[in-house]
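A.B. asks: This structure is in structure tokens; I'll ask about it shortly.
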Amino acid sequence: MRTFTEDNGYGVGVPRVGTAVLTDWEAGMLDRAAEELSVKKIVVAGLGTSGTATARFLLKCRATVVITDSKSASEIAASEELIGLGAEFVPESDNETLLDGVDMLVASPGIARTAQLLVAAEAKGVEVVSDIELASRYIKAPIIAVTGTNGKSTVVTLISSILEAAGRSVFTGGNIGTPVLEYFNSDIAPEFCVLEVSSFQLEHVSTFKPQMAVLLNITEDHLERYKDFDDYAATKLALFDSQDSGCVAVVNAGDGCVASILSTRGTVFEGRSSNGPQVVPFTTTGMFGDGLYLRMSSIVFAGSGLLDGEVYSTEECSLKGLHNIENMMAAIAVARTCGIDKETIEGVLAGFRGLRHRMEFVRTLDEVTYIDDSKGTNVGALKMALKGIDSEVVLVAGGVDKGGDYSVLLPYVKEKVTRMILIGESREKMKEALGSVTDVVEASTMEEAVRIAQSSAEAGMKVLLCPAGASFDMFSSYADRGESYRSSVMALSSVSKGSKEERVASLSDEG
Ligand code: ADP
């Protein structure tokens, strides 16, 4: 163990960010990164959590670091610290100075490919990378990367929990919250690096090669950022671009879009079949001789060349719904490939209660169950949520529209949703698309929406918050929105039983 301020090659007197000492493994890792990066001038564009972690990492590696953001330096929490460590702040509008003599630009996920800065950087021949691309060049542990429109965080958490239950040291990061470059602040060398990877991070990869790559599903999302759905889907497939025959690809062959890519292009690995990754498919809608499928309520992992057939019961699992069976299949495929034994996997699956704000039980009041699915931020998640509920639903929805087609929800809303209470920016568009098959009421606050939901729901029904949109129109995050729903639900008192009509009427009397 060496302290940062000793003669360790990273600059005497420069304070170490994070823990106070460099472990030998970390110093060794940074030596390699520093050798390459210390001679480079690098722009870090976007100073949110991941951009800040990127700048800290680059400064530790003694790169010449320029930081920039659409906000001014004084509006950015970390700017003082980063400038103190040697970074130079240049306003984003000053493209010429910003890109002068620059070798590389690390783009934060929030910056679109079409942003003026990125276009100017590409035109100047500056290499544009995401933090995942940069980090993966120096990470030595096998990388397990998970992408998909929905389910990433759940699957990443399942995989990491299984590996940890088996006593393996794991770094978990990426889009799930901890920036990937925090890997280099781990106390001991992680044996596995489990990453949640968004399409935004996949926009700027060139050598990123996960030893195991998982593709859960592709449904409409983020269409405000992509030319069209095909553009979005193609971005997700970049996960597999650098994989070779030593790698494994776990793919949901039962997902409509993934299946059509598999069938129209032969495999996602077209043109590289001889040296492409080993594919482990899974599905809840068919059967495979060489992957994972559903038999009654059990998951069967048929021999894929990796192992003999195995059966995993899902009956004792708290995770419910077909989408969670898919999530469990992906986690089993990865964990078994990592050599984790079946009993450990079953133990974790049985004990896993799911993540906050994903189909989370809030309370039962007057025989009505309230569910928080605030993380359901797109059409695909709402479709899955409704498919998984076996009673009538009063739905609280609406948020920032992401360009998806709400009409795919028509059959599910028609079958299950007795009333839809709409909040947020997308309410008009949702009302237009779905108002013909269910009763629609608009509300201006979450509290009002929940009060209307209570008056609308009868015993045995479920009240579901699943917005099918982002939260930033009314809240700071999906978690903030979920907490607002929870507190509004917890504030409800039992109401006298009357007919639904009487209760709705009394609510309008209250104004
Ligand atoms: P992500 O990290 O991809 O946003 P999460 O695990 O946070 O995924 O779940 C996001 C939303 O998608 C939640 O509403 C959850 O109930 C739903 N969901 C989870 N897994 C799946 C899946 N495999 N298919 C469709 N929807 C899913």
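No value in this document is a laboratory result; all are computed from the given coordinates. All figures in this text were calculated on a predicted structure; none of them were measured in a lab. FYI the Cβ positions are ideal-geometry reconstructions off the backbone, even for glycines, and counts take in every protein chain you see.
A.B. asks: If I take every Cα pair under 8 Å that is 6 or more residues apart in the chain, average their sequence separation and divide by the length, what percent do I get for the relative contact order?
C.D. replies: Relative CO of the chain lands at 10 percent.
A.B. asks: Name all residues of segment 190-213 having a backbone nitrogen under 17 Å from the label point set 7 Å from the Cα of Asp244 along its Cα→Cβ direction, giving them as ranges.
C.D. replies: 206-213
A.B. asks: At a 10 Å Cβ-Cβ cut-off, how would you order Phe240, Phe229, Phe475, Phe57, fewest neighbours first?
C.D. replies: Numbers: Phe240 23, Phe229 17, Phe475 20, Phe57 29.
Least to most surrounded, the residues fall as Phe229, Phe475, Phe240, Phe57.
A.B. asks: Also: Find how many whole Å separate the alpha carbon centroid of segment 173-219 from the alpha carbon centroid of segment 38-86.
C.D. replies: Comparing the Cα centres of segment 38-86 and segment 173-219, I get a distance of 21 Å.
A.B. asks: Under the 0.36 nm per residue contour assumption, what length would be gained going from the current alpha-carbon distance of Arg353 and Met296 to full extension?
C.D. replies: That works out to 18.3 nm of additional length.
A.B. asks: A follow-up question, please. I need to check one value: relative contact order of segment 38-129, counting alpha carbon pairs closer than 8 Å and at least 6 residues apart, in percent.
C.D. replies: For segment 38-129, the relative contact order is 33 percent.
A.B. asks: Given 25 °C and 0.890 mPa s, how large is the Stokes-Einstein diffusion coefficient of the chain in µm²/s, with Rh as the Kirkwood radius over Cα pairs?
C.D. replies: It diffuses with D of about 100 µm²/s by this estimate.
A.B. asks: So in the chain, what percent of DSSP beta bridges are antiparallel if you round to the nearest 5? Could you put the intermediate results ahead of the total?
C.D. replies: Values: 16 of 70 bridges.
Once the DSSP bridges in the chain are tallied, antiparallel ones form about 25 percent.
A.B. asks: Right, next: Given only helices, namely DSSP H runs of n ≥ 4 each adding -39500 (n - 2.57), what is the per-residue ellipticity at 222 nm of the chain, to the nearest 500 deg cm²/dmol?
C.D. replies: Estimated from H runs of four or more residues: -9500 deg cm²/dmol.
A.B. asks: Expressed in nm to one decimal, what extension gain is obtained for the pair Val311 and Glu432 from 0.36 nm per residue of sequence separation less their Cα-Cα distance?
C.D. replies: That works out to 39.0 nm of additional length.
A.B. asks: R0 = 30 Å: FRET efficiency of Lys140 with Glu343, Cβ-based, nearest 0.05?
C.D. replies: Efficiency computed from Cβ-Cβ geometry: 0.55.
A.B. asks: In the neighborhood of Glu92, defined by Cβ-to-Cβ distances under 9 Å, what is the net charge if each Lys or Arg adds +1 and each Asp or Glu adds -1? Walk me through the intermediate numbers first.
C.D. replies: Details: positive: Lys71; negative: Asp69, Asp94.
Net of charged neighbours comes to -1.
A.B. asks: To the nearest Å, what is the center-to-center distance of segment 373-394 and segment 313-328, using C-alpha atoms only?
C.D. replies: A separation of 16 Å, based on Cα centres.
A.B. asks: Summing +1 for each Lys or Arg and -1 for each Asp or Glu, what net charge is found among the other residues whose Cβ lies under 10 Å from the Cβ of Leu223?
C.D. replies: Counting the neighbours of Leu223, the net charge comes to -4.
A.B. asks: Let me ask something additional. Could you work out the Kirkwood radius for segment 133-351, taking every pair of different alpha carbons, averaging 1/r and inverting it, reported in Å?
C.D. replies: Working: mean 1/r = 0.0575 Å⁻¹.
One over the average 1/r among Cα pairs gives 17.4 Å for segment 133-351.
A.B. asks: State to the nearest 20 debye the size of the charge dipole of segment 360-510 about its Cα centre, where the only charges are +1 on K and R beta carbons and -1 on D and E beta carbons.
C.D. replies: Here the size comes out at about 360 debye.
A.B. asks: Rank these for me by crowding, Leu85, Leu464, going from fewest to most other beta carbons within 10 Å. Walk me through the intermediate numbers first.
C.D. replies: Details: Leu85 19, Leu464 25.
The most exposed by this proxy come first: Leu85, Leu464.
A.B. asks: Classify segment 131-184 from the C-alpha gyration tensor, please: rounded if a/c falls under 1.5, else prolate or oblate depending on whether a/b exceeds b/c.
C.D. replies: Verdict is oblate for segment 131-184.
A.B. asks: Turning to a different aspect of this structure: Among Asp373, Asp241, Asp405, what is the fewest-to-most ranking by other Cβ atoms within 10 Å?
C.D. replies: Asp405, Asp241, Asp373
A.B. asks: What shape does segment 38-129 have by the C-alpha gyration tensor, where a ≥ b ≥ c are the square roots of the eigenvalues, rounded means a/c under 1.5, and otherwise prolate means a/b greater than b/c and oblate the rest? The partial results should precede the final answer.
C.D. replies: On the way: a/c = 1.58, a/b = 1.21, b/c = 1.30.
Oblate.
A.B. asks: Same structure, new question: Testing the spin-label approximation: label points 7 Å from Cα along Cα→Cβ at Ala123 and Asp228. State their distance in nm.
C.D. replies: 2.7
A.B. asks: Could you tell me the extents of segment 328-402's C-alpha atoms along the three principal axes, largest first, rounded to whole Å?
C.D. replies: Principal extents (largest minus smallest coordinate, Cα): 44, 34, 20 Å.
A.B. asks: Report the net charge of residues surrounding Met104, where surrounding means a beta-carbon distance below 13 angstrom and charges are Lys +1, Arg +1, Asp -1, Glu -1.
C.D. replies: -2
A.B. asks: Take Asp103 and Arg363, extend 7 Å from each Cα along the Cα→Cβ direction, and tell me the distance between the two endpoints in nm.
C.D. replies: 5.9
A.B. asks: So, R0 is 56 Å and r is the distance between the beta-carbons of Lys414 and Glu36; what FRET efficiency does that work out to, to 0.05?
C.D. replies: Working: r = 58 Å, r/R0 = 1.03.
Once the sixth-power term is evaluated, E becomes 0.45.
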